[in-house]
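First up is the structure itself, then whatever we jot down about it.
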Amino acid sequence: MNIKNVVVIGSGTMGSGIAAHLCNANIPVTLLDLKTEISEKARERIHKSRPPLLIDKSKINNIKIGNISDNFDVVKEADWIVEAVVERIDVKHQIYEKIFKSRKAGAIVSSNTSSIPIKVLSQNLTDTEKKDFCITHFFNPVRYMGLLEIVKNENTDLNKINQLKEFCEIELGKGAIVCNDTPGFLGNRVGVYAMQIAMTEAFKMKLSVEEADAIFGRPMGIPKTGVFGLYDLIGIDLMADVLKSFIKELPKTDEFHEVAKEIPLVKKLIETGYTGRKGKGGFYRINKSGATKVMEAINLETGDYLPSKKIDIKSDKVDLSGLINRKDRYGEYAWSVISKIIKYASSLVPGITNQFNDIDEAMRLGFNWAKGPFEMLEEIGVKNFFNKVDDFSGNNFLEELNKSKNENFYGERQKYTNIETLGKVKKTAVRLDGNDSAKIFRFNDYNIVEFTTKANALDYDSMDALKKATDKPLIIINESMQFSAGVNLTYTMQFAEKNDFKSIEKFIKYFQETCKHLKYSKHPVISAPSGLTLGGGFEVMVQSNFVASHTNIVVGLVETIVGLIPAGGGCKEMLGRWLETEEAKKDPNFAPLKVFDIIGYGKTATSPVEAEPLKYLRPSDKKIMNRNSLLEVSKKIISENKDFKTPKELKFNLPGESVRIEMNKIIEKLYNEKVILDHGVNVAKELANVLSGGDTTINKTLSEDDLFKLELNAFMKLIETNKTQDRIRHTLSTGKPLNN
């Protein structure tokens, strides 16, 4: 069965997101609601959405719209009808009655519900209709969240389910996991339990919200919002409704009831309008005092708000063993939370799925955890876990594991897909190499480098690993959310604070040397970016020989925002690409001015479609919907380039002073309009000097090394200024730019 036409009924957040993502996959889709005006407004929201739901905004007109009274006939042509209406059973039943009267024979009908069981949704359907009915639970935002739970029961046609799963995996790029019809399915059942454990244990151990979020965050491989920050993001009132649903559906013996008990402080927050970010605040709030905004956190014991404190637990890496063995209350809290999550998740096997592996993947794809509960157990070690854990009687999975003491219990990763993923392949490496910032997985005929720092920021060790791994064809790829957010600014500022600028210069030179080494290695180098690919991360990608890019990237050179200019070859490579254009062949000023505009404004692209016009990506670069396929495509590139030849070095003929005059006019205009301030002028002038070629003329030919020197000199001039250092400090502490 081919899915070539889809109808989505319900144009709220989820319905709109599903329709937009089908549009991304070039699948014709019609979005219906009660009134056409409602669908029209939904289409407008999709077009304006930030982050963008569409890979290419020009595709917005591919989403047809209508209403369920006048346009319901479109259902007759649909291969798949997705119901995404309000979570009211009576409304859903009315919609199903209309759908099944109109749909063509064999068309799949699914609900995007996150909580209502199939047995309830399908209770009015015939046996034949039940075969074609399932739940397709997408996670929000649909474009960016990898998880899709396809929920079945004993009535569902498994052949249909597998066809739908294959379509969603290949065409929509989803991690489509099939699971049983149990409350909360996979992701929410474990994810919400984990949040509740993290919260209730914080109350019990008298931790502050900042302390709990500092532990239940990056040190555990969980997004930095932590538990209280995530509660505020989701909505405290919405979370209360989710808990009520679990309490209603789960048997009284389920451990979930213990952590879902109403907390007086939470009840009070909801009653007073403190429902999180959408309300007056929540566990955190912004307090305005005159022109000053202060982030405050609630005291869990008194309910009073105080200025929020940054908690430094002296750990910037995911190190579960180190975390749970700390001899302080942070270690006690971490162990209590992690052990309870592992116990609860393992108690659900085989009830919600026969594959414990699928629970891990649901947490990775749906909640952005670096490791699921069973991977946490694997990292801690079976022996270590059972030496510390308390009672687990009645938990069949743990009882069996305790008997076997099998440290290698985990087996294969990512069983839900047949794709040869990075997660599967890493375990088959001939040997492991690398350092604190990057791992090298060595195979017989190629190597993989995976960055391992926070946001995969680059430092000296990252460069070492890249250089070391070019003895064979190299694939640079990561399992974490980001490819690389750029050079590690904290690492750089540690030298700047000591006035040790020679060490910074040495690092930038080594960065340049490494990028040039990648570009001109005798073996092909492939970058497979996903997520943030910014600054230095972009420079690694752009100087690789081939690129296989996920459709969900944020790519660009953003150094000017922190008072610097790209110095790892970014200016050089962008000039090289724009000099290839027909316009540049006619006008020597065209390429420098174009790149000045792109880098000067720190322009970013949020998809390969947006990246190509900026020349961040080339038309020949591979663009892939399914992130799991990045490794397969990269390996195919290697196999297709057995006769790889090192590219020729770039040569540059740049106009020098004549184009700088034009650039200075632009700088003056921006300054007069107060778009940039004094230091913005300094940064722009340094960028102009690099992109014009410095002290050169159009008849003088510059080498790549000449451009590297210009980049380095400009970078060093700027990093030595107090104002650039102020910008960097401000960005590191607030996450926001400083215009000075």
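Every number here is computed from the coordinates shown, using simple stated rules; none is lab data. This structure is a prediction, so every number in the text was calculated from the model and none was measured. Reconstructed Cβ throughout: ideal geometry from the backbone, glycine too, with neighbour counts over all protein chains shown.
Side notes on the structure shown:
- Between residue 412 and residue 263, the C-beta separation translates, for a Förster distance of 30 Å, into a calculated FRET efficiency of about 0.15.
- Linear extension gain, residue 713 paired with residue 86, 0.36 nm per residue minus alpha-carbon span: 219.8 nm
- Computed E for residue 472/residue 581 - FRET, C-beta separation, R0 35 angstrom, nearest 0.05: 0.50
- DSSP bridge pairs, the chain: antiparallel proportion in percent, nearest 5: 40
- Per-selection metrics, region 187-404 (Cα): Rg and Dmax in Å: 17.6, 64
- Estimated Rh, region 6-180: Kirkwood, alpha-carbon pairs, angstrom: 15.9
- Listed cross-link partners 371/415; 572/648; 594/685; 41/278; 174/516; 405/427 are compared with a 24 Å cut-off, the Cα-Cα value being larger for 174/516.
- Cα-Cα P(r), region 609-740, percent of pairs per 5 Å interval: 2, 8, 11, 12, 14, 15, 13, 12, 9, 4, 1, 0
- Inter-part distance where region 596-610 and region 89-165 are each reduced to a Cα centre, Å: 40
- Sites residue 685 and residue 58 - FRET efficiency at Förster radius 45 Å, r taken between beta-carbons, to 0.05: 0.80
- Rg(Cα)/(2.2 N^0.38 Å) for region 204-279, N = residue count: 1.18
- The mean sequence separation of alpha-carbon pairs under 8 Å and at least six residues apart, normalised by the residue count of the chain, gives a relative contact order of 8 percent.
- C-alpha center-to-center spacing [region 172-244, region 250-284] in angstrom: 12
- The simple spin-label model puts a point 7 Å past each Cα toward its Cβ; for residue 153 and residue 204 those points are separated by 3.4 nm.
- Set of aspartates and glutamates near residue 314 by C-alpha distance (under 15 Å), chain-local residues within fewer than 8 positions excluded: 210, 211, 213, 328
- Among residues other than residue 196 with Cβ under 11 Å from its Cβ, the summed charge is -1 (Lys and Arg +1, Asp and Glu -1).
- Reach of residue 506 by Cα under 19 Å, taken over aspartates and glutamates that are not fewer than 8 positions away in the same chain: 459, 461, 464, 497, 539, 559, 704, 705, 706, 711, 720
- Phi to ³J(HN,Hα) by Karplus 6.51 cos²θ - 1.76 cosθ + 1.60 over region 700-717, Hz, x for Gly, Pro: 9, 8, 9, 9, 4, 4, 4, 5, 4, 5, 4, 4, 4, 4, 5, 4, 5, 4
- Linear extension gain, residue 403 paired with residue 697, 0.36 nm per residue minus alpha-carbon span: 98.1 nm
- Derived scalar couplings between HN and Hα for region 331-342 equal x, 5, 5, 4, 5, 4, 5, 4, 5, 5, 5, 5 Hz in order, rounded to whole Hz, by the Karplus curve 6.51 cos²θ - 1.76 cosθ + 1.60 (θ = phi - 60°), x for Gly and Pro.
- Between region 472-493 and region 35-81, the alpha-carbon center distance in angstrom: 37
- Relative contact order (%) - criterion: Cα under 8 Å, at least six apart; region: region 6-180: 20
- Near residue 475, the amide H atoms lying under 5 Å from its own belong to 447, 448, 449, 526; only residues 5 or more places off or on other chains count, and H is placed 1.01 Å from N.
- Full-extension gain in nm, residue 280 to residue 247, via 0.36 nm per residue minus C-alpha separation: 9.1 nm
- Label separation (residue 301 vs residue 726): 4.1 nm, computed from points 7 Å beyond Cα along the C-beta direction.
- According to the calculation over all Cα-Cα pairs in region 311-469, the P(r) per 10 Å bin from zero is 9, 32, 36, 20, 3, 0 %.
- Both numbers refer to the Cα atoms of region 657-734; Rg and Dmax are 14.3, 46 Å.
- Residue pairs exceeding 18 angstrom between C-alpha atoms, taken from 472/642; 4/57; 454/509: 4/57; 454/509.
- Contact order relative to length of region 657-734, as percent, for alpha carbon pairs under 8 angstrom and 6 or more apart: 29
- Its residue count N fixes a reference of 2.2 N^0.38 Å for region 267-356, and the Cα radius of gyration divided by that reference is 1.53.
- Residues whose amide H falls under 5 Å from that of residue 174, counting only those 5 or more places apart or on a different chain, are 169, with hydrogens built in the peptide plane.
- Cα→Cβ-extended label distance, 7 Å offset, between residue 325 and residue 310, nm: 3.0
- Where [x] 22; [y] 17; [z] 25 are the candidate values, the label of the one calculated here for percent of Cα pairs over 46 Å apart is [z].
- Of the GluC sites (Glu not before Pro) in region 51-158, those whose Cβ has at most 16 other Cβ within 10 Å and which sit in DSSP loop: 87, 154
- Our coupling estimate for region 573-578, obtained by passing each phi through the Karplus curve with A = 6.51, B = -1.76, C = 1.60 and θ = phi - 60°, is 5, 5, 4, x, 6, 6 Hz, Gly and Pro reported as x.
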